[in-house]
Structures are given as C-alpha cells and as structure tokens.
Amino acid sequence: MTPLPPRVTTYANVPSLESEEMTNNFVIIDQQPIVLEGIRLHILQIFPKAKFLYLGSSVSEAIKTVGKGKVKCVVIDPNLASETSEASAISKARIFGAPIFVMSQQNSGVAVSQAFSAGATGFFPKSASLYELRGGLSTVISGGVYISPQIAMDLTTSQRVAIRLSERERTALVLYTSGLTMDQVAISMSIASSTANEYIHRARTKFRAAGKSARTKVDLRRIAVEEGLLINA
C-alpha cells in the first residue's frame, strides 16, 4: 500500500481563509494556456487580491522571471515538455521556498508518492471542484499537507502493494502493453523473443502473487496503468 504523507488534510477540515492575508503572490506552471487561465480564474475566486508573478510552462523560466519575489504558493502540473521528469519539475520549484501544490491528471498512488517525495505539499486532480481547490490551497498555504479526498480514499482503501519488477521486466511490460507484439518487443530490446516472453512471464507471476489477474494482455495493460507504468490514453 502506498503510504500517505504526514499531516494529510482534506477539505472537510481546513483553516479558514478569513484568517489568511488575502493578497498573495502565486506562480502557476502548466503547459496548456487554457488550463493556466482556468486556474488563474479559480484562484481569483478564492483570493480576490491574488497576484500572479508567473503564468507559463517552464519552471526555469519562472525562476528567472520571479527572481527573489516572495511567493505564497506554486501551483504546477509537473508533466512539462521542458523537464526530464515530473519529479524534476517539482524539485526545481522548491527554490521558491513556497508550498508546491500539484494539479495533475495522473492520480495513481505512484504519481502521488513521487510528487511528495520530490517536495510537493499538496496533490489535487484537475477534475476536482472549485470547493476542493479552495480547501487544498488554504491547507498548503497554512503550512499543512493536502491530498484530494478522493485520492486519499483510494490510497487508504487500496489493498494493492507495490509490485517490484526488474528494469528489463518493466521495459518489456511497457512495450508489450503499449501494443507491440512479443517479436517487436524483442527487437526493440535487442533480445530474443524467448527472452522477451520470459520477462512477461515473470511479470505475470509477480502480479498473480500480489492477487492480480494477469492472464490476458488486457489484464497486463490494466495493471500497468494501475501501477503508474503506463498512461491510460
């Protein structure tokens, strides 16, 4: 089971915004302009006097633009083309010295765990409501840690444990469940088809040991998505 970070708060138990200074400096980072504008408008409904020091798609650019400006909160979707990984984007954003509130479409236990390990203090799905956003921002700005209630429920009630695959098993699984045939997996990995098949067989064995049905390719793809290895596009 993916462990929850300490001091998790949900919107049912958050500090009142009335006690907060209503003029706050925000940095918002997302590679989709329409999403940036949507988040900006949502924040203005919560903090009418909010100031936006940066609205854009690059953590590095945000750092150059903001400089030493005092930042109240960084709101970021770390899935950025300009970064090598989501964890890297979050880690770089720590330079602002402000709470980092992740808004993402990738809400698996793996994604949440990696975000908090990299320095996030809040995690929120983009599909959640304005009311939940209010609770989340209030919590992290007040120094707490926040996970969307639905994600928290999923993590605490899930019976799955992290399934450890070797690097080669994981690579073969991702290629195979992405639509490649076993022969194509073998070619991509520069190995024999029998070896590729063995990697998939080992992955199936580990999944079954964890109580997951992995008889078909569809089953394997579902598990890969659940484990955060594959995006369910």
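Every number in this text was worked out from the coordinates using simple rules, so none of it is lab data. Small disclaimer: the values here were computed from a predicted structure and weren't measured. Positions of Cβ are backbone-derived with ideal geometry, glycine not excepted, and every protein chain shown enters the neighbour counts.
Given labels modelled 7 Å from the Cα in the Cβ direction, how far is it in nm from residue 110 to residue 225?
Calculated label separation equals 1.4 nm.
When you count, for each residue, the other Cβ atoms within 10 Å and take the mean per peptide, how do 59-67, 136-144 rank with the highest first? Show your work: numbers first, answer last.
Values: 59-67: 15.2, 136-144: 22.1.
Ranked from most to least packed, the peptides come out as 136-144, 59-67.
For the range 187-196, take each phi angle, set θ = phi - 60°, evaluate the Karplus expression 6.51 cos²θ - 1.76 cosθ + 1.60, and give the result in whole Hz per residue in order, putting x for glycine and proline.
5, 4, 9, 6, 9, 6, 4, 5, 6, 4
By the gyration tensor of its Cα atoms, with a ≥ b ≥ c the square roots of the eigenvalues, what is the shape of the range 159-220: rounded for a/c under 1.5, prolate for a/b over b/c, or oblate? Mind dumping the intermediate values first?
Details: a/c = 2.21, a/b = 1.79, b/c = 1.23.
Cα axes put the range 159-220 in the prolate bin.
Mind scanning 92/126; 92/217; 70/92 and naming the pairs with a C-alpha gap bigger than 28 Å? Write down the numbers at each step before the final one.
Values: 92/126 22 Å; 92/217 38 Å; 70/92 16 Å.
Check vs 28 Å cut-off fails for 92/217.
With a 10 Å radius around each residue's Cβ, average the other Cβ atoms per peptide and rank 118-124, 41-47, highest first.
Details: 118-124: 23.9, 41-47: 16.1.
The most tightly packed comes first, giving 118-124, 41-47.
Less than 20 Å from a label point 7 Å out along the Cα-to-Cβ axis of residue 174: which backbone N atoms in the range 202-226 qualify, by residue?
202-207, 217-226
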